[in-house]
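A.B. asks: Below are the structure tokens for one structure; questions will follow.
The values are calculated or read from the model by the stated rules, or taken from the named source; none is laboratory data. Just so we're clear, the structure is a prediction, and the values are computed from it rather than from any experiment. Cβ placement follows ideal geometry from the backbone for every residue including glycine, while neighbour counts extend to all protein chains displayed.
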Amino acid sequence: MATGLTGWRRRVRRQLFLWPRWRQQAVFWGGGALIGVVAVVFAKLADGSHRLLQVMTGWSPWVMLAVAPLGFALLAFVTERFFQGSQGSGIPQAIAARQIDSPARRQQLLALRLALGKIGLTLLGIASGASIGREGPTVQVGASIMHELGRTGGRRYEGLLLAGGAAAIAAAFNTPIAGVVFAIEELGRSFQQRNSWLVFSCVIVAGLVSLALLGDYTYFGQSNAAPAGAATWLAVGVCGLIGGLLGGGFSRLVILFALDERRAWLVGLRRHQVAFAAMCGLLVAVLGLLTGGATYGTGYEQARGLLEGTADPGFWYGPAKLAATLLSTVSGLPGGIFSPSLSVGAGIGQQLSLLFPTVPPATIVLIGMTGYFAGVVQAPLTTVVIVLEMTAGTAMTVPLMTTAILALGASRLVCPQPIYHALSRRYLSNAAERNT
């Protein structure tokens, strides 16, 4: 009996302290914690970049006519010359890396040097007035951290990059559920059941670290939006269709500028990327002057003000912010479209609220935000969960789900392929060319 009990204890001890098993868990949990810290630091630095921008515009709004073109041109040059692969959001790079089997080719998109450059260039882009966000870049940084941890450990754990991207979203927005949904719907498109608990635990750790450092908060504050009868459902239809068409149009243009090889003028612009970026910067500065500086940066303050009814960035804020985001994105600068797109949607909702005087404006703003963002990313579940977690607007769950589905259908009429997966093809083809 004693011998049998001793053998049982030995087997339990062997399983409990099996080194490879705990090493795998340590990689995911340690990576999640590190991503949480990096995401919080990135957020604080982004706030500092925005304050620097405000200081410059405080001296004189006209200074941006020089700062934006020069900043855009410098960033385009540095990106092309020293940090190739850090352009744009960073989510397409994470998607492409998951489809690459060669470690050397994957390293071209997820090197830590590239991740550090991504952070620095995004911060300088915000300070230069670009309409970009930090959330997409955080995904590439998170995937890079997990890739490096797996590479250093001498093993390639399945789900590492998926967990890194999901943890980045969770920490960047303080939205852990959205991080998991984003991993399944947008990054993965295939999800291994046997690795799901490791991905979930990584997201939880990243969320806990963000919570510990920043406290319990909702990204856009507390929304008091609620359904207001039949007019709300009419607004859902209008915002879903208009937001989806505009979001799909934005994505279509971004894909066109990035991938189209049939139009000689587009190919020519890409060959003169620095000059083209300077022109985009000048146009962004003009839009900023016309809107009193509202279109610069992430758009966080404007969206929150519209949701809470504490600020009015102007009737034409939505279209102007859309144009500024499009120019910033096609210029080739590192920077994401999450926050700017949510802000554009809020501005569109502000405009459409005039059509529904019996519905509280905050309700239409929330619906407009959902419709446009779902139209851009074509990921309705991620859209709804992110918006609900960022605003605590759970009373609007069903209307927002309906809006996102309508926006998805309208967006696909204009842009048949999701923007992130379409853009990932560029990095897949570049990696293949370097490998030949």
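A.B. asks: Read through the list (1) crowded, with 20+ Cβ neighbours inside 10 Å; (2) not in a loop (DSSP other than H, G, I, E, B), then give the number of the only condition that Val274 fails.
C.D. replies: Only one criterion in (1) crowded, with 20+ Cβ neighbours inside 10 Å; (2) not in a loop (DSSP other than H, G, I, E, B) is unmet by Val274, namely (1).
A.B. asks: For residues that are part of a helix (DSSP H, G or I) and either assigned by TED's automatic domain parsing to the domain that holds Phe173 or β-branched (Val, Ile, Thr) (or both), scanning just region 289-329, find the one that is farthest from Thr363 (Cα to Cα).
C.D. replies: In the first step, residues of region 289-329 are kept if they are part of a helix (DSSP H, G or I); the result is 289-290, 300-308, 317-329.
So of that shortlist, the ones also either assigned by TED's automatic domain parsing to the domain that holds Phe173 or β-branched (Val, Ile, Thr) (or both) come out as 325, 329.
Numbers: Thr325: 24, Thr329: 29 Å.
Going through the qualifying residues, I end up with Thr329.
A.B. asks: Would you check if Arg81 is at pLDDT 90 or above and surrounded by fewer than 24 Cβ atoms within 10 Å (Cβ to Cβ)?
C.D. replies: Yes, satisfied.
A.B. asks: Do the conditions hold for Phe72, that is, is it out of contact with any Lys or Arg (no Cβ under 9 Å at 6 or more places or on another chain) and in contact (Cβ under 8 Å) with a residue 40 or more places away in the chain?
C.D. replies: Values: out of contact with any Lys or Arg (no Cβ under 9 Å at 6 or more places or on another chain): yes; in contact (Cβ under 8 Å) with a residue 40 or more places away in the chain: yes.
So Phe72 passes the test.
A.B. asks: Within region 38-87, track down each residue that is of a type in the set (Ser, Thr, Tyr) and within 26 Å of Ser210 (Cα to Cα). Before you say what the answer is, go through the steps one by one.
C.D. replies: Within region 38-87, the first condition is being of a type in the set (Ser, Thr, Tyr), and the residues that meet it are 49, 57, 60, 79, 86.
Ser49, Ser86 - these are the residues of region 38-87 that are of a type in the set (Ser, Thr, Tyr) and within 26 Å of Ser210 (Cα to Cα).
A.B. asks: In the set Phe42, Phe72, Phe77, Phe83, which member is aromatic (Phe, Trp, Tyr) and in contact with a strand residue (DSSP E or B) (Cβ under 8 Å, 6 or more places away or on another chain)?
C.D. replies: On inspection, the qualifying residue turns out to be Phe83.
A.B. asks: Select from region 401-425 the residues that are surrounded by fewer than 19 Cβ atoms within 10 Å (Cβ to Cβ) and in contact with a Pro (Cβ under 7 Å, 6 or more places away or on another chain) and list them in ascending order.
C.D. replies: Residue satisfying the conditions is Ile405 alone.
A.B. asks: Now for a separate question. Checking the conditions here, which among Leu400, Leu352 is more than 19 Å from the chain's Cα centre (by Cα), without any contact (Cβ under 8 Å) to a residue 40 or more places away in the chain and part of a helix (DSSP H, G or I)?
C.D. replies: Only one candidate qualifies: Leu400.
A.B. asks: If you check Gln108 against the conditions, is it modelled with pLDDT under 90 and not small (Gly, Ala, Ser)?
C.D. replies: yes
A.B. asks: Does any residue of region 389-397 turn out to be in contact with a Pro (Cβ under 9 Å, 6 or more places away or on another chain), surrounded by fewer than 24 Cβ atoms within 10 Å (Cβ to Cβ) and within 30 Å of Cys280 (Cα to Cα)?
C.D. replies: no
A.B. asks: OK, next. I'd like the full set of residues that are more than 15 Å from Pro319 (Cα to Cα) and under 13 Å from the mean Cα position of the chain (by Cα), limited to region 363-377.
C.D. replies: Ala374, Val377
A.B. asks: Starting from region 39-54, keep only residues that are more than 25 Å from Ile204 (Cβ to Cβ) and hydrophobic (A, V, I, L, M, F, W, C), then list their pairs with residues that are modelled with pLDDT of 95 or more and part of a helix (DSSP H, G or I) whose Cβ atoms are within a distance under 7 Å, requiring at least 6 positions of separation or different chains.
C.D. replies: Close Cβ pairs satisfying both conditions: Leu52/Ala127; Leu53/Ile126; Leu53/Ala127.
A.B. asks: Limited to region 83-101, what total is found for residues that are within 19 Å of the chain's Cα centre (by Cα) and free of Cβ contacts under 8 Å to residues at least 40 places away in the same chain?
C.D. replies: Final tally of qualifying residues: 0.
A.B. asks: Now for a separate question. Just the residues that are buried (at least 24 other Cβ atoms within 10 Å of the Cβ) and assigned to a loop (DSSP other than H, G, I, E, B), please, taken from region 355-378. Give the steps one after another, and end with the answer.
C.D. replies: If we filter region 355-378 for residues that are buried (at least 24 other Cβ atoms within 10 Å of the Cβ), which is where we start, we get 363-378.
Gln378, the sole residue that qualifies.
A.B. asks: Okay, next question. Sort out which residues of region 77-99 are of a type in the set (A, V, I, L, M) and either within 14 Å of Ala115 (Cβ to Cβ) or assigned to a strand (DSSP E or B) (or both), and write them in order of number.
C.D. replies: Ile91, Ala94, Ala97
A.B. asks: Filter region 126-137 down to the residues that are at pLDDT 90 or above, crowded, with 24+ Cβ neighbours inside 10 Å and assigned to a helix (DSSP H, G or I) and list them by number.
C.D. replies: Ile126, Pro137
A.B. asks: Among the residues of region 292-328, how many are in contact with a Pro (Cβ under 9 Å, 6 or more places away or on another chain), among the hydroxyl-bearing types (Ser, Thr, Tyr) and modelled with pLDDT of 95 or more?
C.D. replies: Residues that pass the stated criteria total 3.
A.B. asks: Being of a type in the set (Phe, Trp, Tyr) and in contact (Cβ under 8 Å) with a residue 40 or more places away in the chain is the filter; apply it to region 232-281 and report the residue that is farthest from Gln87 (Cα to Cα).
C.D. replies: Among those that are of a type in the set (Phe, Trp, Tyr) and in contact (Cβ under 8 Å) with a residue 40 or more places away in the chain, it is Trp233.
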